[in-house]
Structures are given as structure tokens and as C-alpha cells.
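Encoded as C-alpha cells, the structure appears first; notes follow it.
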Amino acid sequence: MAVDIKSPREIELMRTVCHLAAETLLLVGEKIRPGMTTDEIDRIVHEDTLRQGARPAPLHYKGFPKSVCTSVNDVVCHGIPDGTVLRDGDIVNVDVTHVYEGFHGDTSATFYVGTPSPHARHVVEVARHGLDLGIAEVREGARLGDVGAAIQEYVEAQGCSVVRDFVGHGIGRKFHDAPQVKHHGKRGTGDRLRAGMTFTIEPMVNIGGWEVDVDPKDKWTVRTVDGTLSAQFEHTVLVTRTGVEVLTARSRPLRNSENVAALFVA
Ligand code: MF3
Ligand code: CO
Ligand code: CO
């Protein structure tokens, strides 16, 4: 499928919606605490999105019942907010997608609930840096395989694995568009990147094996087969002549995620 090149006007709308999604994720970070439920995260995201004049893209998307995905511990992605209480030591990925003026902005982060275990810190920091390394490959003329390879090489060198069954995606008027952005692969392969493309990079990193299962009951919740922890970070990016613009870049540090890592630097 041909990959859409955004016009300057479309790029401006992508900047706007992506900024709004990033602001909502920052707000979530300020609210994370042990004892809260994932339904409370859903409410925070839902209300903040509407307050901005945007709409939460997950709500009713292919039947998804809530306004955000909340994926706790061994949940890899697409966790459905419910009455689950977050406990000290849990990790939770919150995946926010807004629609504004017909365009989508998609971003997620994994938060520490209270004080993380060494294992939790490891998988979260590997996922965070893996995304950064993938983004660093993006420029006009680079290949999608370069992005996947950079992520996979690093994640596996850290003793973790990259989920294969879910990928990043083109984004714009559609939530999920071409191209598929794999988080593993071979350098020098795959589609060539062109200025004006917008897509997400969103590596899911497991501390154990990469195999995952979809919950047979709710048909959404994706878990690691071996029950070990999984973490994920996601940005929406724009390919430019000179490199990359991270459209969901944050205007300040993310509470209960970025700041906590700094506390543990030896
Ligand atoms: N935000 C997810 C992504 O990064 C997709 C969630 S689809 C939903 O692509 F229906 F679960 F919300
Ligand atoms: Co996405
Ligand atoms: Co997302």
C-alpha cells in the first residue's frame, strides 16, 4: 500500500493533535499513584481530551469500550481500563490517542506505580531507550528495516525481547494506516522513508520471551505467554528532509516515569 505524504497544512494539524495527546499523557503522569484504578486513568484521559476539544480515538474503535488503553505488568498492550487497583511496584502503560480536526495523534508511556523492582526498572528503561534508538534512525532515505534493527539489536543485547505480533503504523486521518513499522528487522530492508510521512514507533519489550496471547474472553487484552513483565513507549513522528520531528514530544519531564529513572542512576 502506498504511504501517504502529508501536505504542509496536514502536518500543521498533526502537530496540533499530537501536542494535545502529549499534554494528556503528561497529566496522567501527575496523577499516577498506588491505590488508583485503571478506570480512574480512563476518566482522566476522557475528560482532559474533551476539555481540549478533541475526541478519544480508542472509544468504540473496532468495539474497544474505553477511551484509553491501560496495560499493567504482563499486559503487553490493549489493556481495558476497569476496577483493577494499581499496587506499589506495578508498571502501567497508558496509551493515549486523540482525534482533532480529523487527524490522529498517538503516544504512550509506561509509568512506575510507587517504587519499582529492579526487573521492572530494567524492562521499562530498555523500552524507553529502544524507542529513542528507533527514532534516531528516521530521516529521508533511511529504510524501515533500519528502525526495527536498531531497536531489536539494543533490546536483545539487554537480555529482553521485542514483540513481533504488534507494530507501529502510519497515522493521519486514519488511526492505523500504511506502513507497518516493525520493531525488529534487518538494516537496508523495507520501505524507504520520505519527507512528509507520519507514523508511530511503539516497541513492546518483554523481559522474557516475545510470544504473546490475546485474551479469549475480551478479545483485546494482550499478555506475555510466559507471564513476565512487558513495557512500551510510543511516539508519533514526522520524516523531514534533515531527519525527524517527534510530533508527540513532551514540553516537560513525565512524572512517575522519566524522573524515577534518574533517582536510580548509581
Ligand atoms: N493506541 C494503540 C496503538 O498504538 C491502538 C489502540 S486500539 C484500541 O496503535 F482500540 F485498543 F484502542
Ligand atoms: Co499506535
Ligand atoms: Co497508541
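Considering each of Val212, Val260 in turn, give the residue that is touching a residue at least 40 places away in the same chain (Cβ under 8 Å) and either open to solvent by less than 10 Å² (accessible area, probe 1.4 Å) or closer than 27 Å to Cys18 by Cα (or both).
Val260
In segment 115-125, how many residues are out of contact with any Asp or Glu (no Cβ under 9 Å at 6 or more places or on another chain) and surrounded by fewer than 24 Cβ atoms within 10 Å (Cβ to Cβ)?
6
Only one of (1) within 16 Å of ligand 3 (Cβ to nearest atom); (2) outside any loop (DSSP other than H, G, I, E, B); (3) not β-branched (Val, Ile, Thr) is not met by Arg121, so which one is it?
Among (1) within 16 Å of ligand 3 (Cβ to nearest atom); (2) outside any loop (DSSP other than H, G, I, E, B); (3) not β-branched (Val, Ile, Thr), the lone unmet condition for Arg121 is (1).
Need the failing condition index for Thr200 against (1) in contact with a strand residue (DSSP E or B) (Cβ under 8 Å, 6 or more places away or on another chain); (2) farther than 17 Å from Val94 by Cβ, just the number.
With respect to (1) in contact with a strand residue (DSSP E or B) (Cβ under 8 Å, 6 or more places away or on another chain); (2) farther than 17 Å from Val94 by Cβ, Thr200 is out only on (2).
Yes/no per residue for (1) touching a residue at least 24 places away in the same chain (Cβ under 8 Å); (2) among the aliphatic types (A, V, I, L, M); (3) within 11 Å of ligand 1 (Cβ to nearest atom):
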position: Asp191; (1), (2), (3): yes, no, no
position: Gly196; (1), (2), (3): yes, no, no
position: Ile201; (1), (2), (3): yes, yes, yes
position: Val225; (1), (2), (3): no, yes, no
position: Ser230; (1), (2), (3): yes, no, no
position: Arg241; (1), (2), (3): yes, no, no
position: Val244; (1), (2), (3): yes, yes, no
position: Leu254; (1), (2), (3): yes, yes, no
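Take segment 49-83 and flag every residue that is within 16 Å of Asp215 (Cα to Cα) and in a loop (DSSP other than H, G, I, E, B).
Of everything in segment 49-83, those that are within 16 Å of Asp215 (Cα to Cα) and in a loop (DSSP other than H, G, I, E, B) turn out to be Phe64, Pro65, Asn73, Asp74, His78, Gly79, Ile80, Pro81, Asp82.
Give just the number: which of (1) aromatic (Phe, Trp, Tyr); (2) surrounded by 21 or more Cβ atoms within 10 Å (Cβ to Cβ); (3) part of a loop (DSSP other than H, G, I, E, B) does Trp220 not satisfy?
Going through the list (1) aromatic (Phe, Trp, Tyr); (2) surrounded by 21 or more Cβ atoms within 10 Å (Cβ to Cβ); (3) part of a loop (DSSP other than H, G, I, E, B), Trp220 breaks only (2).
How many residues are open to solvent by less than 50 Å² (accessible area, probe 1.4 Å) and either of a type in the set (Asp, Glu) or over 27 Å from Thr221 (Cα atoms) (or both) when one looks only at segment 145-201?
So the answer is 10.
Would you pick out the residues in segment 47-64 that are open to solvent by less than 60 Å² (accessible area, probe 1.4 Å) and either among the aliphatic types (A, V, I, L, M) or within 19 Å of Val85 (Cβ to Cβ) (or both)?
Matches in segment 47-64: Ala54, Ala57, Leu59.
May I ask you to say which residue of Gly130, Gly134 is assigned to a helix (DSSP H, G or I), within 25 Å of Glu12 (Cα to Cα) and either under 14 Å from the mean Cα position of the chain (by Cα) or of a type in the set (Phe, Trp, Tyr) (or both)?
Among Gly130, Gly134, only Gly134 is assigned to a helix (DSSP H, G or I), within 25 Å of Glu12 (Cα to Cα) and either under 14 Å from the mean Cα position of the chain (by Cα) or of a type in the set (Phe, Trp, Tyr) (or both).
Please work out which residue is least open to solvent (accessible area, probe 1.4 Å), limiting yourself to segment 84-114 and to residues that are more than 15 Å from ligand 3 (Cβ to nearest atom) and closer than 21 Å to Leu50 by Cα.
Here the answer is Gly102.
Under 8 Å between Cβ atoms, at least 6 apart or on separate chains: pull out the pairs that start in segment 48-66 with a residue that is under 21 Å from His19 (Cα atoms) and end on any residue that is among the basic types (Lys, Arg) and surrounded by 18 or more Cβ atoms within 10 Å (Cβ to Cβ).
Close Cβ pairs satisfying both conditions: Pro58/Lys66; Leu59/Lys66.
The values are calculated or read from the model by the stated rules, or taken from the named source; none is laboratory data. Quantities reported herein were computed from a predicted structural model and do not represent experimental measurements. Here the Cβ is made from the backbone with ideal geometry for all residues, glycine too, and neighbour counts use every protein chain on show. With ligands, DNA and RNA removed, areas are computed over all heavy atoms of the protein, side chains included. Shrake-Rupley method; radii C 1.70, N 1.55, O 1.52, S 1.80 Å.
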